[in-house]
């Protein structure tokens, strides 16, 4: 039997209504969405184990189906950029 990989849901980009809908879709109560938004967007917490007002079973469920990570962008360069600043002067000035 082959295992199919399913990408985890990135909770970082979800608004409150979408977070509430996500929670309802996995069998949790709607208020859990507000709790997640507070932890992720207001407290800056990305580790489900640190979200102490969530039940252990809910945190375990989140770890298996979701994640909190910044989105990747194809526009960002893979190597660091170097910028140069040139100072131009008038002939009469410094």
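Nothing in this text is a laboratory measurement; each read-out follows from the coordinates by a stated rule. Note that the structure is predicted; figures quoted are calculated from it, not measured.
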Completion exercise
Once normalised by the length of segment 9-67, the mean sequence separation of its alpha carbon contacts under 8 Å that are 6 or more apart gives a contact order in percent of 35
Problem - For segment 24-64: Kirkwood Rh in Å [reciprocal of mean 1/r, alpha carbons] - result: 10.4
